[in-house]
Structures are given as C-alpha cells and as structure tokens.
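Structure, as structure tokens:
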Amino acid sequence: MHKHATRQWIGLVHPDLGIGGAERLIVDIALKLAQNDRVMLYTAHHDTKHCFKETLLEGERVHWIQERGNFIPTSIFGFCHVLCSNLRSAWASVSTKSYNFNSTHLQLVENAI
C-alpha cells in the first residue's frame, strides 16, 4: 500500500466468535487487513474465556471487536439454529451501519453454520 493512500473502513461480520476454523480465518483476515486499513469486527457473541488470544488485550475484548445481537437466541427450543444464526448475523450487519460504519468501504459477512 502506498504510504499516502487513504485508509479504508472495513467491516467484518461473524455470528459467533469462538474457537474454530472459521473463527480463526476471520481473526486472521481482520489482523491482516488492519495492517493497512481500519477494521471493525461485529459478532453476536464473543466469550472472553473461550477465544483466540489475539482478540484480547489484558483479558478484555480488543476495541476492534464489537458484540451486537447477543440478545437473539442461538435456537428456539432446540430448533431453528440456522434461522437464529442468520438473524444474529443480520442484526450484526445492520449494526455496522448504525454504529461506526456509515462510511464503510467494504463489508464482509461470513455466516458459517
């Protein structure tokens, strides 16, 4: 990246930021993009006791991860997991526009089920 280029806002959305392959990929993408751009990762759930160390700073969630939609259940009476996951991701996506990302240049929504 040219040193005079403008840093862009990039929003990433993932339904549940735990420890897994898709989560590892999203965290790695966020860290790589943050080298040249401003990145915010929105998720419906981020458990600070069950997560990758790169998502924490002194035991607290890093500033570039925002929890949005944790009030939406992961299932309805043990059913509808996919529906709930999609609703949680949709809420997190909508949240990117209503909070920090009115000028987002790129938004990546990853919804691994």
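Label-to-label distance for residue 6 and residue 38 is 1.1 nm, based on points extended 7 Å past Cα in the beta-carbon direction. A simple rule links phi to the HN-Hα coupling: the Karplus curve 6.51 cos²θ - 1.76 cosθ + 1.60 with θ = phi - 60°, which for the range 9-25 gives 8, 10, x, 10, 10, 9, x, 8, 8, x, 10, x, x, 5, 5, 4, 4 Hz, with x for Gly and Pro. Subtracting the Cα-Cα distance of residue 62 and residue 75 from 0.36 nm times their residue separation leaves 1.9 nm of extension gain. By other beta-carbon atoms within 10 Å, ranking 68, 24 with the fewest at the front produces 24, 68. Solvent-free Debye calculation, one equal scatterer per alpha-carbon of the range 9-109: log10 I(q)/I(0) at 0.14 Å⁻¹ equals -0.50. In this structure, the amide hydrogen of residue 66, modeled 1.01 Å from its nitrogen in the peptide plane, lies closer than 5 angstrom to those of 41, 42, 43, counting only residues at least 5 positions away or on a different chain. When each of 48, 6 is scored by the number of other beta-carbon atoms lying within 10 Å, the sequence from fewest to most is 6, 48.
Laboratory data are not the source of any read-out in this text; all were calculated from the coordinates shown. Bear in mind that the values here come from a model prediction, so they are computed numbers and not experimental data. Counting neighbours? That spans all protein chains shown, and the Cβs are built from the backbone with ideal geometry, glycine included.
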